[in-house]
Amino acid sequence: MGRTVVVLGGGISGLAASYHLSRAPRPPKVVLVEGSERLGGWIRSVRGPGGAVFELGPRGIRPAGALGARTLVMVSELGLDSEVLPVRGDHPAAQNRFLYVGGALHALPTGFRGLLRPSPPFSKPLFWAGLRELIKPRGKEPDETVHSFVQRRLGPEVASLAMDSLCRGVFAGNSRELSIRSCFPSLFQAEQTHRSILLGLLLGAGQSPPPDSALIRQARAERWSQWSLRGGLEMLPQALDTHLTSRGVQVLRGRPVCGLSLQAGGRWKVSLGDSSLEADHIISAIPAPALSKLLPAEAAPLARVLSTITAVSVAVVNLQYHGAHLPVQGFGHLVPSSEDPGVLGIVYDSVAFPEQDGTPPGLRVTVMLGGSWLQTLEASGRVLPQELFQQQAQEAAATQLGLKEPPSHCLVHLLKNCIPQYTVGHWQKLESAMQFLAAQRLPLTLAGASYEGVAVNDCIESGRQAAASVLGTEPDSHS
């Protein structure tokens, strides 16, 4: 074959792309280039006192659906089965999620009976919102904000409390700006196909059968809601790194790319400052705006589109308390923007994964800060001291969970531009990018969180699809 594929970015998307390329029957030469000294991107696990594990990025992966199953297949191929920590379906962290509204924690209703009773903060049983949804006509627009879609179909309370909070929890974003079509494609498709999201979700989209393995069967039998790894999720990129090296993939760290240019024969020249690489094909798994700055003049229209896919920052504050107890047991709680412009939510890490509490075990929670409060702070241009985030987080833990004692351990990290924002019309950006790549026949494939999903499973899938399209093993999925 003799082809060289250069993968830009050693986050989980770039690692997954390299993994799938390296496992091809006749693999190309693969070079993975990472600007920083470590692999794994936003997936980062830190050991604290007594061996406690603190996640700075994602803290659990969902096993549901074809994508969740594919990730579990990769976990098994990497030999990590014995490290998996599941949250089974009967566990409080699987069953209970809360909203913090009006200064109090409210359990989100679960099951059919929960939908028939009034459950604060909602004024009427959610059953009525569902009934109303079944008879609403289909929307006319090709895209709209998450807020307007949910308000139209399920009413103002579900939109301003539940969906506002969910957009903060998943995207650290604003439901009045984010796109329903790109952020919640299954809801959008359900309305398009079945006129109703409830009917659509009940009838399903007729998916292809997901892959099968012992781990997948176990996850189904035990109804896992999520899983992690004993030493933290960073074990996944670390195992990928080891695997890639064993398969002859060249992994370059601490080598930021400073430019891309096309040569006469249609090959890429990848400039690394003091040296350069040649490539027949590039898979870019770096953020869209970062790629836009590297593209050559002939790809200016593509660079313009990519530069508009921006991201928001999140301050992650890990707190550990000894001898403290939570007022409720569950996955965690979310906070709507109307309640607090800065606190997105708090995850109760110890409930889901007590195995990571260390010795002696201490209660771990993670406070996520972001939203309009953080955007205003960042825009002010002043230096943001860690103490400010620590103080905000400790106040939130004290007010919202009654954790009044100072924590025994605290980590503060500001993750700059960590979550891409799919605002209304994002689908058109993707379409014009794909059209440009096809029309110009550029040997460039896009992967990563900037495009079609920010969750770990989405990123791994984007890497898999990028590898498949380079290898020509499946038609390009971006039709």
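Would you mind stating whether ALA438 is open to solvent by 60 Å² or more (accessible area, probe 1.4 Å) and modelled with pLDDT of 95 or more? Against the criterion (open to solvent by 60 Å² or more (accessible area, probe 1.4 Å) and modelled with pLDDT of 95 or more), ALA438 qualifies.
For region 123-134, taking the residues that are without any contact (Cβ under 8 Å) to a residue 40 or more places away in the chain and either open to solvent by 50 Å² or more (accessible area, probe 1.4 Å) or in a loop (DSSP other than H, G, I, E, B) (or both), the one that is nearest to GLU339 (Cα to Cα) is identified as SER123. Restricting ARG44, ARG26, ARG3 to residues that are surrounded by fewer than 20 Cβ atoms within 10 Å (Cβ to Cβ), touching a strand residue (DSSP E or B) at 6+ places or on another chain (Cβ under 8 Å) and farther than 26 Å from ASN318 by Cβ narrows the list to ARG3. If the condition is being within 24 Å of the chain's Cα centre (by Cα) and open to solvent by 10 Å² or more (accessible area, probe 1.4 Å), then region 234-250 contributes GLU234, MET235, GLN238, ALA239, ASP241, THR242, HIS243. Just so you know, in region 323-338 the residues that are out of contact with any Phe, Trp or Tyr (no Cβ under 6 Å at 6 or more places or on another chain) and either modelled with pLDDT under 95 or not in a loop (DSSP other than H, G, I, E, B) (or both) include one that is surrounded by the fewest Cβ atoms within 10 Å (Cβ to Cβ), and it is GLY323.
With respect to GLY231, determine if the residue is open to solvent by 10 Å² or more (accessible area, probe 1.4 Å), farther than 30 Å from ALA352 by Cβ and out of contact with any Phe, Trp or Tyr (no Cβ under 9 Å at 6 or more places or on another chain). Don't jump to the end; show me each part of the working.
Working: open to solvent by 10 Å² or more (accessible area, probe 1.4 Å): yes; farther than 30 Å from ALA352 by Cβ: no; out of contact with any Phe, Trp or Tyr (no Cβ under 9 Å at 6 or more places or on another chain): yes.
It is false that GLY231 is open to solvent by 10 Å² or more (accessible area, probe 1.4 Å), farther than 30 Å from ALA352 by Cβ and out of contact with any Phe, Trp or Tyr (no Cβ under 9 Å at 6 or more places or on another chain).
Note on region 418-473: residues that are more than 21 Å from ARG176 (Cα to Cα), without any contact (Cβ under 8 Å) to a residue 12 or more places away in the chain and under 23 Å from the mean Cα position of the chain (by Cα) total 1.
For region 306-317, the tally of residues that are part of a strand (DSSP E or B), open to solvent by less than 10 Å² (accessible area, probe 1.4 Å) and either at positive phi or touching a Pro at 6+ places or on another chain (Cβ under 9 Å) (or both) stands at 0. Would you confirm whether any residue within region 105-117 is in contact (Cβ under 8 Å) with a residue 40 or more places away in the chain, under 22 Å from GLN400 (Cα atoms) and open to solvent by 50 Å² or more (accessible area, probe 1.4 Å)? For region 105-117, residues in contact (Cβ under 8 Å) with a residue 40 or more places away in the chain, under 22 Å from GLN400 (Cα atoms) and open to solvent by 50 Å² or more (accessible area, probe 1.4 Å): present.
Test LEU21 against the stated conditions and say whether it is open to solvent by less than 10 Å² (accessible area, probe 1.4 Å), touching a Ser or Thr at 6+ places or on another chain (Cβ under 8 Å), outside any loop (DSSP other than H, G, I, E, B) and not basic (Lys, Arg). Explain how you work it out, then say what you get.
Details: open to solvent by less than 10 Å² (accessible area, probe 1.4 Å): yes; touching a Ser or Thr at 6+ places or on another chain (Cβ under 8 Å): no; outside any loop (DSSP other than H, G, I, E, B): yes; not basic (Lys, Arg): yes.
Against the criterion (open to solvent by less than 10 Å² (accessible area, probe 1.4 Å), touching a Ser or Thr at 6+ places or on another chain (Cβ under 8 Å), outside any loop (DSSP other than H, G, I, E, B) and not basic (Lys, Arg)), LEU21 does not qualify.
Of the listed requirements (1) in a loop (DSSP other than H, G, I, E, B); (2) of a type outside the set (Lys, Arg); (3) farther than 13 Å from ARG168 by Cβ, PRO341 misses just one: (3).
The values are calculated or read from the model by the stated rules, or taken from the named source; none is laboratory data. Predicted model, so just to flag it, every value in this text is computed and none were measured. Please note: Cβ atoms are built from the backbone with ideal geometry, for glycine as well, and neighbour counts cover all protein chains shown. Quick note on the areas: whole protein, heavy atoms, side chains included, nothing else; ligands and nucleic acids left out. Shrake-Rupley method; radii C 1.70, N 1.55, O 1.52, S 1.80 Å.
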